[in-house]
Structures are given as structure tokens and as C-alpha cells.
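A.B. asks: Before anything else, here's the structure in question.
What follows draws every value from the coordinates through simple rules; no lab data is involved. Quick caveat: nothing in here was measured; it's all calculated off a predicted structure. When we count neighbours, we look across all protein chains shown, and the Cβ atoms used for this are built from the backbone with ideal geometry, even at glycine.
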Amino acid sequence: MKKFILPLVLTFSVVLTGCANIKSMRVNAQMKSAQKYLLEEDYEKAIVKLEKAISIDPKNVDAYILLAKAYQEADMQEEAEEIIDKIRDINGVRLSSIQEEKVSVLDSKRIYSEILNNFYKTGIIGDVDELYWLDNVNEVSSLDDDSTLYYYHFTLEDVTGDGKDEIIIRRDYKKSYDVVFIYEVIKGRAVNIGHIDSYGILTDNNLLVKSFVNSETKEEKTQVFGYYASIAEFLTLDKDKHSKEIDEAKEMVANNKIKLKFDDIVTPLNPENIKEAVDKMSLQDIDSIDEEGKSSDNEESTITNNKRKKKDKEVYEKWRSNYFKINEEDYGRFELMDITGDNRDELIVKLGDDGDSYSCVIFGTLGNEIYTLASGHSDDFRMFEDNSILFVSENMDNSKKFEYYKYDRDIRRFYMEKAGQYREGDLEYLDKLLEKKVKLTGDDIDTELTKENLDVAFGD
């Protein structure tokens, strides 16, 4: 009897494999047919084919993704959103990073709408809370409330060149120009990637240009910023390393090749205008999303630890030297510590300590560039054992305000988890934070920020 068992098992295995292959072939045939109909803009037939594919294989994520795309192109947004919800609820299936990204793109209209409408209702967008410091914040019903002090306008525009729109919000104080904030949507969250003032311009090649006149010397100054995707931020371009890009940006401004200016942003931020803007959004083509298309602007992947350490020290020293040339009267102390888990030391700087309050800035490096991971003004700075950070300040009325941050690996910097002062529940939230185990405080940052001390800290 035993001699028949192995052949039977092998036969059964072959039958199962054959069935699976046939099933896969049937699904692929339906999907290829659907793609042909999509190209012909025959959405009804494409939808029928994709529903057939899903009936054959109810766990085929790619078929669901294509079906959501078909519904969107047929202007059936509600049906598309239902399919997107089903994708996220498929039992026993884990989406690949590419599938996750495609689903996020397909869900962009709902995500952008929720982000903007939540901002309108609460004053919170991403890790920015515009209203927490108002003593009547619990009575504020929307950004249109008279007590919010500011006026908000917005637009949606791709200013990074990645094929998807950024959320751009202009904040005016009593109708006088103030500032424009740029947010990229990353994994369903709004991330602040830069800002411009009334002198700022975004060029056709996605560079941010700021020109201004020095009030003392009357000399015109121009700064050019480029977008760095790996840290989700616009950084100042170095005039030696990026002279070509800087010259091109200046030429574009001179020739009026401008994508967006400060005073182009004139649409009031309210639910009606949000709906209209989101409905008009052009979505990124999900077929263009693949692993090969992903790139990094981090040039350091092959650099040895010793070389990287040397480069980090040079970058930090360059910042220190430039900062104190401009701010001769300022006083700085520092600490070097790996707080992100990347086996590299970040530079934690305490500035302007007058005995009560001070500023704390945490810097990291990207190639030859320095960038800010977090910053805040505080009477009480704390870094906890889990590497989250807290800034606490006491106001004239003895109330406390705070900002609490956690490190986000997707953007390689700290993302504000909570800002608090007058919102209901803020003080209870702060009390719980103050019970956490502390790794570093502002008082611990006491080494004078000099070149010699930086050398010693790096082991030289």
C-alpha cells in the first residue's frame, strides 16, 4: 500500500499546481482584455472584465486596483472608493509597497478632501496646529471664525515634479501678506516640505526661488531651494555645487517661466472650494509607479563609516562657522547623539540660553547638506528613552504650551504628534508625557559649540 502513497501525493500536487496555473491564466486573460478596453475608454466593458477576474480570484489585489482605476476614469468616484476600501480589507493579503502606493494614488481625492476639510474644521493639517494657542480654541468652529486672526487661501499644484499635487496654503494676517506653506501627502498624511513668503516663486523646473533686498546694505539677495525627496523638504542649494541649477532658476524667473507665485493663491479655503479643487485634481498615472522608478537623492549609500563620520563633522562645522559669523552675539551648546537609529550622530544644538528659555535644534546630514530634523523654543526640552522629544514653555499667564514629536523614518525627521495649550485634554496629555523616562534634557546640553569641542566629540 505504501508504494502507492508517494505517486498519489505527487499526482495530487501536480493537479493543484495545474489548477492554480489555469486560474491565474484565466485572471490574466480577463485583466488584459480589461486593459485593452481602458485604452479604448470603454469603461463599462473594462469593469465587467475586471469583476469577472475578481470572481475567479477574490484575492487578486491587482485586479481590484485596476477596477478602482476603471471606476475613477468612468467618473464613478463613490464606486472607486468602495473598491479601495475592499482592497484594504482583503483577508490574509499583505499589499506590496508598490500596491500600497497605487492604492494611495487612487484614493487621493478622498485623502486630500479629508485633509483639507479637517484643516478647515480644526486648524490642524499634518503636524501643524494653527489654533492650539488660542485661549478660546474649544469654541472655534472653523477657520472662518472671526477669532482665528488669519485668512486662509489654497491651491493644489505639483511643485516637486513627482506627478502628484501638493497642498499649498497661504496664510494672511488681516489681509496683509504673511506666508505660504507647502505640504506633500505621504502615506495619507500631510507633510510640511517648505514655505515661501511674498518674495517667493516656484519655477517651471520645480525650484523655489526667494529674492529679497537686504534692509541694511540694500543689496539684492537670491536663494534657490531644491526638493529632496528622501527627507521631504526643500533645502538651500549650495552655490558651488549647484551653480548650474541656480543660474537656470534665475533665468527662468527673468523669463517669467513661473509655475506659482505668492499672489496666485487666491481661492478661499472652505468646503465648497475644497470640493471643487479636489474634483478637478489630475491623478498620477498608477502605471508609472514601479520599483525601478524609485530613486534616492542620498549619495552616501556606499560611503564607509569613517568617511561618513568625517563628512558629517565637516558639514556640522560649516554650519557652526556660518551661523556664528552672522550671529556673533549668540551662544551655543551642543550634544552629539544617534537618536534616529541610523548609526550616525545627530547634532543637538541649544541656542540663546538666557537662564529661562532657549531654542533647541536637531540637525542631520544629507550628502554635503545639513537639514533640520526638529526645532523648538522651550523652557524645558526633553528627549525620552524612546527618542521622542518634547518642548514645554510656560506663558505669562502661567499656562503651559508644548509640542511633542516622534521620529518618522519615511521622511527622516521628526513629525509632531501633538501640540497643546488650551485644547480640552491638553494638560492631561502633557502630564502623561512628563511621566516618561528621560534620556536627555536641555540642562544636559552644556558643551560649548566650538570647532575644538566638535573635533573632540567626533573623536579627533
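A.B. asks: Calculate one ³J(HN,Hα) per residue across the range 69-74 by plugging θ = phi - 60° into the Karplus curve 6.51 cos²θ - 1.76 cosθ + 1.60, and present them in order as whole Hz with x for glycine and proline.
C.D. replies: Rounded to whole hertz, the list is 4, 4, 4, 5, 5, 8.
A.B. asks: Whole angstrom only: what separates the Cα centroid of the range 24-56 from the Cα centroid of the range 401-460?
C.D. replies: Here the two parts' Cα centres lie 52 Å apart.
A.B. asks: Here's a follow-up. Among residues other than K49 whose Cβ falls under 11 Å from its Cβ, what is the net charge (Lys/Arg +1, Asp/Glu -1)?
C.D. replies: Net charge in that neighbourhood comes out at +1.
A.B. asks: For the range 116-155, compute Rh as the Kirkwood radius over C-alpha pairs and then the Stokes-Einstein diffusion coefficient at 20 °C and 1.002 mPa s; write the answer in µm²/s, rounded to an integer. Spell out each step's value before the answer.
C.D. replies: Working: Rh = 10.3 Å.
Answer from the Stokes-Einstein relation: 208 µm²/s.
A.B. asks: Considering amide H positions built from the backbone, and no H for Pro or chain starts, which residues 5 or more places from K418, or on another chain, come under 5 Å of its amide H?
C.D. replies: Y404
A.B. asks: Once phi is turned into ³J(HN,Hα) by the Karplus curve 6.51 cos²θ - 1.76 cosθ + 1.60 with θ = phi - 60°, what whole-Hz value does each residue of the range 25-42 show in order, with x for glycine and proline?
C.D. replies: Values, residue by residue: 5, 5, 5, 4, 5, 5, 5, 5, 5, 5, 5, 5, 5, 5, 4, 7, 6, 9 Hz.
A.B. asks: Ok, one more. In the structure displayed, which of K59/K102; K313/K437; K250/K310 lie more than 27 Å apart, Cα to Cα? The partial results should precede the final answer.
C.D. replies: Details: K59/K102 16 Å; K313/K437 30 Å; K250/K310 33 Å.
As for pairs spanning more than 27 Å Cα to Cα, those are K313/K437; K250/K310.
A.B. asks: Based on alpha-carbon atoms only, what is the radius of gyration of the range 76-230 relative to the globular estimate 2.2 N^0.38 Å?
C.D. replies: 1.26
A.B. asks: Enumerate the residues in the range 33-65 having an amide nitrogen under 19 Å from the point lying 7 Å beyond the Cα of E78 toward its Cβ.
C.D. replies: 44
A.B. asks: Could you tell me the extents of the range 305-458's C-alpha atoms along the three principal axes, largest first, rounded to whole Å?
C.D. replies: Cα spread of the range 305-458 along its principal axes, largest to smallest: 49, 36, 22 Å.
A.B. asks: Roughly how tilted is helix 43-56, in degrees to the nearest 10 and between 0 and 90, from the longest Cα axis of the chain?
C.D. replies: Value to nearest ten degrees: 80.
A.B. asks: Over the Cα atoms of the range 63-151, what radius of gyration and what Dmax do you get, in Å?
C.D. replies: 17.8, 51
A.B. asks: Still on this structure: Sorted from largest down, what three extents in whole angstroms do the Cα atoms of the range 47-91 have along their principal axes?
C.D. replies: Here the spans come out as 26, 21, 12 Å, largest first.
A.B. asks: Taking only C-alpha pairs under 8 Å that are 6+ residues apart, what is the relative contact order of the chain in percent?
C.D. replies: 10
A.B. asks: T122: net charge of surrounding residues, Cβ under 11 Å, Lys/Arg +1, Asp/Glu -1, itself excluded?
C.D. replies: 0
A.B. asks: Moving on to the next point. Give me the aspartates and glutamates in straight-line cross-link reach of K49: C-alpha distance below 17 Å, same-chain residues under 8 apart excluded.
C.D. replies: Output for K49: E40, E41, D57, D62, E73, E79.
A.B. asks: If you don't mind, another one. Using the Karplus equation 6.51 cos²θ - 1.76 cosθ + 1.60 (θ = phi - 60°), what ³J(HN,Hα) coupling, rounded to whole Hz, does each residue of the range 362-378 give in order, writing x for Gly and Pro?
C.D. replies: 10, 10, x, 10, 9, x, 9, 9, 9, 9, 9, 8, 6, 7, x, 9, 7
A.B. asks: Here is a follow-up. Quick one, what does Rg over Rh come out to for the range 12-94 if you take C-alpha atoms and the Kirkwood Rh?
C.D. replies: Rounded to two decimals, Rg/Rh equals 1.03.
A.B. asks: In straight Cα distance, which aspartates and glutamates are under 17 Å from K261, not counting same-chain residues fewer than 8 positions off?
C.D. replies: Once the sequence-local aspartates and glutamates are set aside, what remains near K261 is E157, D158, D165, E166, D172, D178, D197, D204, E251.
A.B. asks: Could you state the angle between the C-alpha long axis of helix 243-254 and the longest principal axis of the C-alpha atoms of the chain, as a value from 0 to 90 degrees rounded to the nearest 10?
C.D. replies: With both axes taken from Cα atoms, the answer is about 90 degrees.
A.B. asks: Here's another thing I want to ask about it. Residues with beta-carbon under 12 Å from that of I87, excluding I87: net charge, scoring Lys, Arg +1 and Asp, Glu -1?
C.D. replies: -1
A.B. asks: Once the convex hull of the alpha carbons of the chain is built, what does its volume come to per residue, in cubic angstrom?
C.D. replies: Expressed per residue, the convex hull around the Cα atoms of the chain is 232 Å³.
A.B. asks: Quick one: of K311/K406; K325/K350; K401/K432; K244/K309; K406/K439; K52/K280, which pairs are farther than 20 Å apart, Cα to Cα?
C.D. replies: Too far apart for the 20 Å limit: K311/K406; K244/K309; K52/K280.
A.B. asks: While we're here: Please report, in debye to the nearest 20, how large the charge dipole of the range 305-458 is about its Cα centre when each Lys and Arg carries +1 at its beta carbon and each Asp and Glu carries -1 there.
C.D. replies: Magnitude of the dipole: close to 940 debye.
A.B. asks: Right, here's the next one. Amide H neighbours of D408 under 5 Å, counting only residues 5+ apart in sequence or on other chains, H built in-plane at 1.01 Å?
C.D. replies: R413, F414, Y415
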